[in-house]
Each structure stands twice: as structure tokens, then as C-alpha cells.
1. Could you check segment 97-127 and list, in sequence order, the residues that are outside any helix (DSSP H, G or I), more than 15 Å from Asn231 (Cα to Cα) and among the polar types (S, T, N, Q)?
2. Within segment 214-235, can one find any residue that is assigned to a loop (DSSP other than H, G, I, E, B), surrounded by fewer than 16 Cβ atoms within 10 Å (Cβ to Cβ) and either touching a residue at least 40 places away in the same chain (Cβ under 8 Å) or hydrophobic (A, V, I, L, M, F, W, C) (or both)?
3. Taking Pro253 as meeting all but one of (1) farther than 23 Å from Ala154 by Cβ; (2) assigned to a strand (DSSP E or B), write down the number of the exception.
4. Checking Leu148 against (1) farther than 17 Å from Thr218 by Cα; (2) crowded, with 22+ Cβ neighbours inside 10 Å; (3) over 19 Å from the mean Cα position of the chain (by Cα), which single condition isn't satisfied?
5. Scanning for something modelled with pLDDT of 95 or more, of a type in the set (S, T, N, Q) and either under 16 Å from Val258 (Cβ atoms) or not assigned by TED's automatic domain parsing to the domain that holds Gly255 (or both), does segment 90-109 turn up at least one residue?
6. Does Tyr243 satisfy being crowded, with 21+ Cβ neighbours inside 10 Å, within 18 Å of Tyr157 (Cβ to Cβ), in contact (Cβ under 8 Å) with a residue 60 or more places away in the chain and of a type outside the set (S, T, N, Q)?
Amino acid sequence: MKTKLIILMALYLTIMSVSSQDTLYIYKGGAVAFKSIIANVDSITFKAASNIVSDYDGNLYSTVKIGTQTWLVQNLKTTHYRNGDNITNITANNSWSDATSGAWCDFDNNDANGVTYGHLYNGYAVLDARKIAPLGWHIATDAEWTTLENYLIANGYNYDSSTTNDKIAKSLASTNLWTATTTVEGAIGNDLTKNNKSGFTALPGGYRGSNGLFSGITNYGYWWTSTENGNSMYGRHLISVSYSITRGTHSKPTGFSVRCVKD
């Protein structure tokens, strides 16, 4: 009996010449989810997954709806502005600290960290008029981060299910990669299995200081907002030993992760 396959796709496909005796393999999470001799397949229908977003480089992101907002679940990984212009990749410490225009890097200049945690961007890249967010999306403002925080607090996402005060870090943080700790009740690192109730999946990607030095991976997650405060910009950060999210201002040569929210 021949089979008709309907597949939700979020990838690029290369079609090569095949014979009727070749075998079709479909993988999920590295394991074979389906296989069949080509002759037994009647047709294959590809449908784009509605919750998948692509940036200029073709990186794919999933989404999560939290309250009235829709956020990308992953940190940004693009190396181009929306119009196709390159964002400068800076590796040298002194060049990073001297930059006055948009730049990106991976933590410790290690490509593997970029794959896992997304890139780190300086504030100039965040503010550049050419935009680094995918079309239809933008880097969240300070006010939009506050909206997210207030929604989570008011709707019982504090680690103790209370609806006052800021205890939402666990609900924002991913269930892996954070340094484990048992010293602070309700902290991100205190029982990682209880993290990520919101689906936001915040990762501890560390940061790059304005002096070019890297720090904090697995213990800290820092994210830019697109809101300036004088010569600085607002940001947010999470710490493995804390149960709350922190708001602060940082100089534009600093390198942080970036999250986008839907227009």
C-alpha cells in the first residue's frame, strides 16, 4: 500500500535523483522517525510550520505567546542586518572596546557557543536603523520587558505561585545549561527541572564587557532592550543564584544576547 506523507517543514530541502528502490528516511531529534522504500510513497506534501520564524541568514526560531506578547524562543543568531549588510564580527578585545558601530561575536569567540546560546551583539548593532530583527519582529523595548515581567508576576509564575513581588526567574530560565545551586530557595539553579514554566527558555549565554573580556557563561544571561538611557541602554539579566530578573543600564560597547518580540 502506498503512503501519502504530510510533513511540517522548517528547513531547507535539497532534492537529488532517486530510484524507486531507494529508501526515504525522516529524522526527528537525530533518530529515524519514519522510513519507506520510495516506490511505496505516493506523494509528499510539505507545509510550513506557522510558528517558525527565519532571519536573513536562514536561522530558524520558534515562538511562544506569553500574555498579549509573542516572543522568539531563541536568542538572535543573525550576522546581517535586515537589508543584507554585514554586521561586523569582532574577535580582538581592543577592537571590540574601540568599536562605535554595530558588531557581534560568540562567547570566547567559539562558534559552538554561538550555536548554543546565540550571538552577542553590542548596543550599536541593536540601535542600527538597518535592524537586526527578522522582518515582522523587533528587539524588545524596556517597556515590553516590563510588560512581560508584570504579566508573569500577576499570573502566578513566581516560583512560589505568589502574585506579588518579582520571583519569576525560574519561569523564564531554561531547564538546562544553568549552573546548579542549592543555596537559594527558588533560584534558577535550584532544581532546574522546575524551570521554564513560561516557555521563554532563557539561556545563560554570559556577556562580553566593554573592555572585550568575556564572563558569566552558565551563570548569567544578559539581554539588551532597544531603549536608550543617555549614553547607555537598558538591559535585563538573570543569575543562576537568584529568583528574580534584574533591570540595569549598560554602555553600548558591551556584548549581550538579544530577544525579539513580534510587531
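The values are calculated or read from the model by the stated rules, or taken from the named source; none is laboratory data. Remember, predicted model here, so these are calculated numbers, not experimental data. Virtual Cβ from ideal backbone geometry, glycine too; neighbours counted across all protein chains shown.
1. Hit for segment 97-127 is Asn110, nothing else.
2. Within segment 214-235, the subset assigned to a loop (DSSP other than H, G, I, E, B) is 216-219, 230-231.
Those left that are additionally surrounded by fewer than 16 Cβ atoms within 10 Å (Cβ to Cβ): 230-231.
Checking which are either touching a residue at least 40 places away in the same chain (Cβ under 8 Å) or hydrophobic (A, V, I, L, M, F, W, C) (or both) leaves us with none.
Checked against the condition, which is being assigned to a loop (DSSP other than H, G, I, E, B), surrounded by fewer than 16 Cβ atoms within 10 Å (Cβ to Cβ) and either touching a residue at least 40 places away in the same chain (Cβ under 8 Å) or hydrophobic (A, V, I, L, M, F, W, C) (or both), segment 214-235 yields no hits at all.
3. (2)
4. (3)
5. Step one: of segment 90-109, the residues modelled with pLDDT of 95 or more are 90-109.
Still in the list and also of a type in the set (S, T, N, Q): 91, 93-95, 97, 100-101, 109.
Next, only the ones that are either under 16 Å from Val258 (Cβ atoms) or not assigned by TED's automatic domain parsing to the domain that holds Gly255 (or both) stay: none.
No: segment 90-109 contains no residue that is modelled with pLDDT of 95 or more, of a type in the set (S, T, N, Q) and either under 16 Å from Val258 (Cβ atoms) or not assigned by TED's automatic domain parsing to the domain that holds Gly255 (or both).
6. yes
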